[in-house]
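For reference, the structure discussed in these notes is given below.
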């Protein structure tokens, strides 16, 4: 286990700790935490015979503090009158339970409005997918191993020369 020292009391603490277990002092972010990418997203809209489909590429650590940005994204999708949404999660390094709750709520609302799976997940990492499985929330989504297969299920072909990591 990798350790570091608390600058307040000098105790050796695990590198993943956010607070010193000995004195309670908040620890400065580790180098790994500083390098961890912040939450972000890109979206691309497709107009199809089945209606509007949006691909949203999520990235970084999606924490509870990002709830406002997540809600704003969902509001945009609703304003755009999107029938289906594909969330590509290939670059998601972490997702909090609060963010998962918002995602499930969005998927439930879309399913009620559309009457079928309307929210797709693609490229879910093993860690994020494992957490979702343990929480029992995967049935709220249509889950695909990669963006290409999710788009194919919706009748959209990826542009030639683009792979899952660069699309849409």
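Quick notes
- If you go through the range 14-48 and keep only what is surrounded by 13 or more Cβ atoms within 10 Å (Cβ to Cβ), modelled with pLDDT of 90 or more and over 21 Å from the mean Cα position of the chain (by Cα), you end up with 20, 22, 25.
- Checked against the criteria, residue 136 counts as over 15 Å from the mean Cα position of the chain (by Cα), assigned by TED's automatic domain parsing to the domain that holds residue 77 and surrounded by fewer than 16 Cβ atoms within 10 Å (Cβ to Cβ).
- Those residues of the range 144-157 which are surrounded by fewer than 16 Cβ atoms within 10 Å (Cβ to Cβ), modelled with pLDDT under 95 and in a loop (DSSP other than H, G, I, E, B), in sequence order: 155, 157
- Residue 122 touching a helix residue (DSSP H, G or I) at 6+ places or on another chain (Cβ under 6 Å), in contact (Cβ under 8 Å) with a residue 12 or more places away in the chain, surrounded by 14 or more Cβ atoms within 10 Å (Cβ to Cβ) and under 16 Å from residue 155 (Cα atoms): yes
- Residue 82 being in contact with a helix residue (DSSP H, G or I) (Cβ under 6 Å, 6 or more places away or on another chain), in the same structural domain as residue 144 (by TED's automatic domain parsing) and closer than 19 Å to residue 151 by Cα: no
- Of the listed requirements (1) under 20 Å from residue 111 (Cβ atoms); (2) not assigned by TED's automatic domain parsing to the domain that holds residue 109, residue 22 misses just one: (1).
- Residues of the range 101-110 classified as crowded, with 17+ Cβ neighbours inside 10 Å and modelled with pLDDT under 95, total: 1
- Residue 9 meets all of the listed conditions (1) over 27 Å from residue 150 (Cα atoms); (2) surrounded by 15 or more Cβ atoms within 10 Å (Cβ to Cβ); (3) out of contact with any strand residue (DSSP E or B) (no Cβ under 7 Å at 6 or more places or on another chain) but one, namely (2).
The values are calculated or read from the model by the stated rules, or taken from the named source; none is laboratory data. Nothing here was measured: the structure is a model prediction, and the numbers come from that model. A quick note on method: Cβ atoms are made from the backbone with ideal geometry, for glycine too, and the neighbour counts reach across all protein chains shown.
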